[in-house]
Amino acid sequence: MMTPLEIEAGQPAPRPVDHRASLAVARESMRITGQWTPGQVMGRRWPIGCVALEITQRCNLDCTACYLSENAEAVRDLPLEEVYRRIDMIFDHYGPHTDVQVTGGDPTLRRHDELVAIVRRIRTRGMRPTLFTNGIRARRELLSDLVDAGLVDVAFHVDMTQQRKGYASEIALNTLRQEYIERARDLRLSVMFNTTVFDGNVEDIAEVVAFFVRNSDSVRLASFQLLADTGRGVLGSRPSQITIASVKRQIEHGAGTSLSFDTVQAGHAHCNRYAMTLVTNGRVHDMLDDKELVHAVLERTAHLQFDRQNRWAAVMTLARGVFTRPRLVLRGAAWLINKLWRAKNDLLRSRGRVDKLSFFVHNFMDACSLDKERIDACVFTTATSDGPISMCLHNAKRDAFVLQPVKLGTAQAVRFWNPLSGKATPEPFQTPQPIDLGRKIAKGRLGRTFAGLVVPGARSHRRKQ
């Protein structure tokens with residue numbers, strides 16, 4: 001594990017001379033950490049999984065597994081000027097087609113016009129914007145405007161750690177998930193869902209998966225994130241029985257079939273698991289069960305970009321990628337015929353309707369228990385003022401980034417923006433100290449301390465490294 005001094009010393013990646021070298025850099029990182037395999041997509045298909053662009057620290061929920069700092073509610077929204085600069089910085093690091101998560105806090109708390117402008121800026125740079133939101137303010141009108149600006153995906157985070165009123169269980173929250181699905185229906189928008197897995201919902205995960213299967217005409221990906229103690233949450237570290245393996249079993253139970261989670265690898269094997277399926281007539285079919293075939297196709301198509309908003313365009317891109325390899329075509333055809341034969345009855349009942357549904361399991365690390373090898377192999381980064389940094393490392397020292405002064409303007413007219421006052425001055429100043437939020441806007445551990453609650457295992461709001 002990394003020591004507190006190592007965590008404190010961790011810094012964002014320096015800007016490369018040319019983003020076209022980033023794929024080779026990612027490949028070398030996978031080799032050094034022992035993660036370079038025939039199924040590894042990091043360094044083969046893309047130089048980074050995604051980059052989180054936090055455009056606000058504010059949130060309209062108070063999750064018991066919150067990853068934000070105790071000081072988040074006091075931090076003003078980043079100026080658009082700085083948001084744009086960070087978008088350009090992401091492009092400089094990773095180039096076109098990079099997945100950029102517009103997140104927070106909850107990004108929908110930004111002004112409507114600003115959020116639309118941010119999404120448009122990302123798409124104009126040739127990258128793929130995704131909205132990460134709890135959905136409360138993500139109304140259809142907003143989603144429609146964001147799609148017009150270039151939004152590709154929306155990821156709704158819904159689970160029992162959010163303490164939403166009126167929902168007594170994880171299964172009951174399927175009603176809310178259905179409402180969010182309807183908001184995004186027919187908007188040429190890939191819909192994803194994030195679910196934090198903890199001891200209060202782990203037994204319900206199978207039924208949540210079954211819900212996603214029933215809605216596979218709209219839902220493209222379901223991500224299950226194992227509880228981690230990364231910020232101001234009150235749940236602490238996850239119970240020992242919640243592991244990647246146990247969550248995989250729950251997903252397979254809900255899907256009604258075994259799934260090949262180990263064929264394709266994204267980053268470190270201890271961090272991520274991925275499975276891809278096709279659903280027809282409500283039945284799930286594993287698409288990664290022939291490991292050698294998948295690896296051969298991955299190698300042949302690693303340089304291609306797939307249109308997530310047009311399924312037929314994606315299929316045609318895949319077909320063109322393998323068509324010039326006759327042996328690969330023959331082997332793929334044999335595999336496909338076998339799949340079609342097994343699914344023939346379901347295909348007849350669904351009139352040939354087939355939907356793609358993927359599952360992702362992510363194992364975040366506790367902020368006080370970081371593994372350097374996993375940090376070095378990280379596929380999820382956060383954009384800071386100085387460059388991208390591993391998301392887990394960013395969470396471990398969040399205040400060091402969100403409370404630091406932000407330089408605005410040009411060398412001829414530089415200004416320094418204060419994240420607590422929201423004001424910019426011509427003179428530099430030291431990183432502002434955290435302030436007393438007061439009970440009204442305090443959240444997480446600090447809020448429960450104000451309320452006089454005793455939280456087992458709670459840390460001080462002066463977060464440990």
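The values are calculated or read from the model by the stated rules, or taken from the named source; none is laboratory data. This is a predicted model, so every value here is computed, not measured. As a convention, Cβ positions derive from the backbone with ideal geometry for all residues, glycine included, and neighbour counts pool all protein chains shown. Accessible surface is based on the protein model in full, side chains and every heavy atom, while ligands, DNA and RNA are left aside. Shrake-Rupley method; radii C 1.70, N 1.55, O 1.52, S 1.80 Å.
Below, the figures for the structure above:
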{"item": "Qualifying residue in the range 21-37 (condition: out of contact with any Phe, Trp or Tyr (no Cβ under 6 Å at 6 or more places or on another chain) and under 26 Å from Ala74 (Cα atoms))", "result": "no"}
{"item": "Any chance Arg137 is in contact with an Asp or Glu (Cβ under 8 Å, 6 or more places away or on another chain), modelled with pLDDT of 95 or more and either among the β-branched types (Val, Ile, Thr) or surrounded by 15 or more Cβ atoms within 10 Å (Cβ to Cβ) (or both)", "result": "yes"}
{"item": "Answer residue from the range 260-285, given it is assigned to a loop (DSSP other than H, G, I, E, B) and within 18 Å of Asn215 (Cβ to Cβ) and is most open to solvent (accessible area, probe 1.4 Å) among those", "result": "Asn281"}
{"item": "Filter result (open to solvent by 50 Å² or more (accessible area, probe 1.4 Å) and not hydrophobic (A, V, I, L, M, F, W, C)) within the range 314-330", "result": "Arg320, Thr324, Arg325, Pro326, Arg327"}
{"item": "Filter result for Leu437 (buried (at least 17 other Cβ atoms within 10 Å of the Cβ), in contact (Cβ under 8 Å) with a residue 24 or more places away in the chain and within 20 Å of Pro12 (Cα to Cα))", "result": "no"}
{"item": "Count of the range 364-374 residues which are open to solvent by 20 Å² or more (accessible area, probe 1.4 Å) and either modelled with pLDDT of 95 or more or within 18 Å of the chain's Cα centre (by Cα) (or both)", "result": "6"}
{"item": "Pairs where the first residue, in the range 346-372, is within 19 Å of Phe224 (Cα to Cα) and assigned to a strand (DSSP E or B) and the second is open to solvent by 30 Å² or more (accessible area, probe 1.4 Å) and of a type in the set (Val, Ile, Thr), C-beta under 7 Å, 6+ apart", "result": "none"}
{"item": "Asp113 being open to solvent by 20 Å² or more (accessible area, probe 1.4 Å) and either among the β-branched types (Val, Ile, Thr) or touching a strand residue (DSSP E or B) at 6+ places or on another chain (Cβ under 8 Å) (or both)", "result": "no"}
{"item": "Flag if Leu68 is within 22 Å of the chain's Cα centre (by Cα) and in a loop (DSSP other than H, G, I, E, B)", "result": "yes"}
{"item": "The range 286-298, residues that are in a helix (DSSP H, G or I) and either without any contact (Cβ under 8 Å) to a residue 24 or more places away in the chain or out of contact with any Phe, Trp or Tyr (no Cβ under 9 Å at 6 or more places or on another chain) (or both)", "result": "Lys291, Glu292, Val294, His295, Ala296, Val297, Leu298"}
{"item": "Odd one out for Ala333 among (1) open to solvent by less than 50 Å² (accessible area, probe 1.4 Å); (2) touching a residue at least 24 places away in the same chain (Cβ under 8 Å)", "result": "(2)"}
{"item": "Residue that is modelled with pLDDT of 95 or more, in contact with a strand residue (DSSP E or B) (Cβ under 8 Å, 6 or more places away or on another chain) and assigned to a helix (DSSP H, G or I), where the choices are Glu28, Glu82", "result": "Glu82"}
{"item": "Selection within the range 260-315 - touching a Leu at 6+ places or on another chain (Cβ under 9 Å) and among the aromatic types (Phe, Trp, Tyr)", "result": "Phe261, Tyr274, Phe306"}
{"item": "Near pairs, Cβ below 7 angstrom, 6+ apart or cross-chain, from the range 58-77 (small (Gly, Ala, Ser)) to any residue that is part of a helix (DSSP H, G or I) and open to solvent by 20 Å² or more (accessible area, probe 1.4 Å)", "result": "Ser69/Asp399; Ser69/Val402"}
{"item": "Filter result (in contact with a Gly (Cβ under 7 Å, 6 or more places away or on another chain) and not aromatic (Phe, Trp, Tyr)) within the range 368-388", "result": "Ala377, Cys378, Val379"}
{"item": "Some residue of the range 260-269 being among the aliphatic types (A, V, I, L, M), over 21 Å from the mean Cα position of the chain (by Cα) and at negative phi", "result": "no"}
